[in-house]
Amino acid sequence: MTHLAVAQEIIEVPHEKAENVSWEGDEKAYFSEIWQNDVVTNVSVPTMEVFKPENANGTAVVVAPGGGLYALSITSEGTEVAKWLNNKGITVFVLKYRLVPTGEDGVKEISDEGANDPAKILERVAPVMPYSIADGLSAIAYVRKNAANYKVDPNKIGFMGFSAGGAVTMGVVYNYNKANRPNFIVPVYPWTSAYPVQEVPTDAPPMLIVCSSDDPLGLAAGSVELYSSWHKSGKIVGLHMYAKGGHGYGMKKQNLPSDDWIARFYEWSVAEGITSPLVSE
């Protein structure tokens, strides 16, 4: 029996105004022919869309889609993730964190720069990343503060991010305080070249990393380094490094073992006591 996720509400994430970044116009939502994906660009006001399961088990995940900080792959790395997790009783908050200011087509901008001037991407990302991370931390704090309203255990709030959202995930785990500490993190093919591996926090939460050896952005090495840092520090950590998968697949089906990464996350979360299985399972 499938329980379809229904977005109940959209929350503006508490945030401070950006002092050195300015946006023109509103955020844009469209289907990108380049990425063959539904995307959102030019986000200047962070928001979360709430997906409530029919039978909440107390676990919550803030999901940060990827897109190079120029866009958000909002369906394959956002709403479809939420629907899958809802079916397991997990409450999901799909986060639109602040992005690089772009014009009519942010995907075309990052694609053109990637082909002609790759260094420009990191130049444009650098001033925005701290605000993206602040949005992630604020999202966790909001969910924890309002946990009772969402039938969420305040000690079972995780953060899952894809690619650039994985960089935001790492920014969250390296900069939290008591109010906004994630109880677990799931960086999926994290963009470690934009947010490098750093010293492991003394009370670092459990982490599961997902990546593919053939990631065309060369992110496998960073994922291994990230895993090793947690492992050497004696922290709870898992790694699923698939031989094939590429980059940016999210919930897309490629007829590869990496298609089932989210099931591996769920199994891990149950094994670690992060998630309670539904009675019917």
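Using only protein heavy atoms and a 1.4 Å probe, report how much of Ser276 is accessible, in Å² to the nearest 10.
Answer for Ser276: close to 50 Å² accessible.
Mean-square fluctuation check for the chain, GNM, Cα pairs under 10 Å: which of Ala115, Ala204, Ala271 is largest?
The residue with the greatest mean-square fluctuation here is Ala115.
Have a look at Gly68, Gly248, Gly25 and tell me which one the Gaussian network model of the chain (Cα, springs below 10 Å) gives the largest fluctuation.
Gly25
Would you kindly work out the equivalent ellipsoid of region 19-176 from its C-alpha gyration tensor and give its semi-axes, the square roots of five times the eigenvalues, largest first in whole Å?
Each semi-axis is √(5λ); the values are 28, 17, 12 Å.
With both partners inside region 22-138, how many of the DSSP beta bridges are antiparallel, as a percent to the nearest 5?
Once the DSSP bridges in region 22-138 are tallied, antiparallel ones form about 70 percent.
Would you please report the Å³ per residue occupied by the convex hull of the alpha carbon atoms in region 1-112?
103
Give me the count of lysine pairs in region 168-281 whose alpha carbons sit under 24 angstrom apart, restricted to pairs 8 or more positions apart or on different chains.
Taking the Cα cut-off of 24 Å, the pair count is 4.
For region 167-206, place one equal point scatterer on every Cα, skip the solvent, and apply the Debye formula. What is log10 of I(q)/I(0) at q = 0.20, 0.31, 0.33 Å⁻¹?
At q = 0.20, 0.31, 0.33 Å⁻¹ the computed log10 ratios are -0.56, -1.23, -1.32.
Just to be sure I understand the curve: with the Debye formula and one point per C-alpha of the chain, what is log10 I(q)/I(0) at q = 0.11, 0.14 Å⁻¹?
The Cα Debye sum returns log10 ratios of -0.56, -0.95.
Place the peptides 142-155, 49-62 in order of packing, highest mean first, counting for every residue the other Cβ atoms within 10 Å and averaging per peptide.
49-62, 142-155
At 0.36 nm per residue, and after removing the present C-alpha to C-alpha distance, how many nm does the segment from Asn20 to Gln254 gain when stretched out fully?
80.2 nm
Run through every distinct alpha carbon pair of region 104-146 and return the Kirkwood hydrodynamic radius in angstroms, one decimal place.
It is 12.2 Å.
Quick check: with the 1.4 Å probe, what order do Glu77, Glu9, Glu225 take by accessible area, largest first?
Result of the area sort, largest leading: Glu225, Glu9, Glu77.
For region 128-251, what are the per-bin percents of Cα-Cα distances with bins 5 Å wide, up to the bin holding the maximum?
2, 12, 22, 23, 19, 13, 6, 2, 0
Could you give the length gained on full extension between Ser228 and Tyr174, defined as 0.36 nm per residue of separation minus the Cα-Cα distance, in nm?
Extra length available between Ser228 and Tyr174 comes to 17.9 nm.
Roll a 1.4 Å probe over the protein chains and send me the accessible area per residue for region 156-281 in Å².
41
The values are calculated or read from the model by the stated rules, or taken from the named source; none is laboratory data. Predicted, not measured: the structure shown is a model, and the values here were computed from it. No Cβ is skipped: glycine too gets one built from the backbone with ideal geometry, and neighbour counts run over all protein chains shown. Surface accessibility is based on the protein's heavy atoms, side chains included, excluding ligands, DNA and RNA. Shrake-Rupley method; radii C 1.70, N 1.55, O 1.52, S 1.80 Å.
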